Structures are given as structure tokens and as C-alpha cells.
Amino acid sequence: MEIISEKWKIRNIEAAGCEVTKELMDKADAENKKTYAAIEKKYGKGWRERYEKDLEVAAMKQADIMDILITNKVFRAQLKKGNIEIDGIYKDVKQLDSEIYETAIYGYTEDNKRINCCTLHIDTKNKTVYLIK
């Protein structure tokens with residue numbers, strides 16, 4: 001969602017945790033109506049369908065990125081250096097162009113301290129990975 005939020009300049013804010021009251025839902029709905037009207041004014045009718053489609057495509061790209069990373073030797077070596085297990089990675093992904101994504105990889109220690117691993121450029125078309133830092 002972050003990739004698409006950045007592209008569309010739309011920020012999603014969670015309005016509730018585990019407990020949701022009718023009052024909270026009504027307040028969120030009222031705010032959403034104002035926000036959606038402003039977004040429609042900026043992006044035109046049908047913006048929501050285009051936005052949802054972009055979210056769907058981004059989710060598929062995230063899966064492509066992980067498929068590429070899992071088998072990449074450079075990525076695996078960086079994980080080993082950072083002492084991060086493959087199933088314990090987190091990533092921040094930024095789209096640079098239609099097929100290139102900058103991906104910051106990180107993990108957490110047992111006491112919940114962030115471990116920065118590396119930053120990569122991933123070409124989803126050619127299925128290549130370039131270590132940036």
C-alpha cells in the first residue's frame with residue numbers, strides 16, 4: 001500500500017484498533033466522505049477503481065520481488081552478514097520506474113532493535129538484483 005500511496009499522494013490512516021464503536025465508525029465515514037470528494041476532484045471519477053487496480057498490481061509486484069530475492073545469491077549473502085533469517089525480513093519498497101524497485105531490507109533482534117541489512121535495486125522484468133548499500 002505504501003508504494004501506491006506515494007504514487008497517488010494518498011495517505012491511509014488507521015482509525016481504530018481492535019475495538020470499533022458505532023460512534024467511531026460514523027466519525028470515520030464522515031471524514032472519508034470529505035476525503036473521497038477531494039480525491040475525486042483531484043483525480044476524477046473512477047479514481048477508486050484505478051487506485052484499487054494499482055493496489056492489486058503492487059501486491060503482485062511484491063510477490064515478484066520476493067520470488068526474485070529468495071533465490072538471489074547477493075541478497076542471501078547480505079542476510080547472512082546481517083544475521084537475519086529469510087523468514088524474519090521486512091522491506092520498504094519504492095518504485096523507481098515501471099520495472100525497477102528500490103528495496104531497503106531490514107530485520108529485528110530478539111529485543112526488538114532494527115537491523116538494517118541492505119538496499120537493493122530489483123529489476124522485475126530481467127529478474128536481477130543490484131546491491132546499492
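The values are calculated or read from the model by the stated rules, or taken from the named source; none is laboratory data. Worth saying up front: this structure is predicted, and the values here are computed from it rather than measured. Quick reminder, even Gly has a Cβ in these numbers, built from the backbone with ideal geometry, and neighbours come from all protein chains shown. In case anyone asks, the SASA skips ligands and DNA or RNA and just uses the protein heavy atoms, side chains included. Shrake-Rupley method; radii C 1.70, N 1.55, O 1.52, S 1.80 Å.
Which residue is surrounded by the most Cβ atoms within 10 Å (Cβ to Cβ), if the candidates are limited to the stretch 91-133 and must be at pLDDT below 90 and among the hydroxyl-bearing types (Ser, Thr, Tyr)? The residue in question is THR109.
Tally up the residues in the stretch 2-46 that are more than 30 Å from TYR90 (Cβ to Cβ), in a loop (DSSP other than H, G, I, E, B) and open to solvent by 90 Å² or more (accessible area, probe 1.4 Å), please. Qualifying residue count for the region: 1.
Consider ALA77 carefully, then state whether it is of a type in the set (A, V, I, L, M), farther than 20 Å from ASN116 by Cβ and out of contact with any Phe, Trp or Tyr (no Cβ under 7 Å at 6 or more places or on another chain). Spell out the reasoning first.
On the way: of a type in the set (A, V, I, L, M): yes; farther than 20 Å from ASN116 by Cβ: no; out of contact with any Phe, Trp or Tyr (no Cβ under 7 Å at 6 or more places or on another chain): yes.
When the stated conditions are applied, ALA77 does not pass them.
Of the set (1) under 13 Å from GLN62 (Cα atoms); (2) in contact with an Asp or Glu (Cβ under 9 Å, 6 or more places away or on another chain), all apply to ILE132 but (1). Summed over the stretch 66-89, residues that are touching a residue at least 24 places away in the same chain (Cβ under 8 Å), of a type outside the set (A, V, I, L, M, F, W, C) and in contact with a Gly (Cβ under 9 Å, 6 or more places away or on another chain) total 2.
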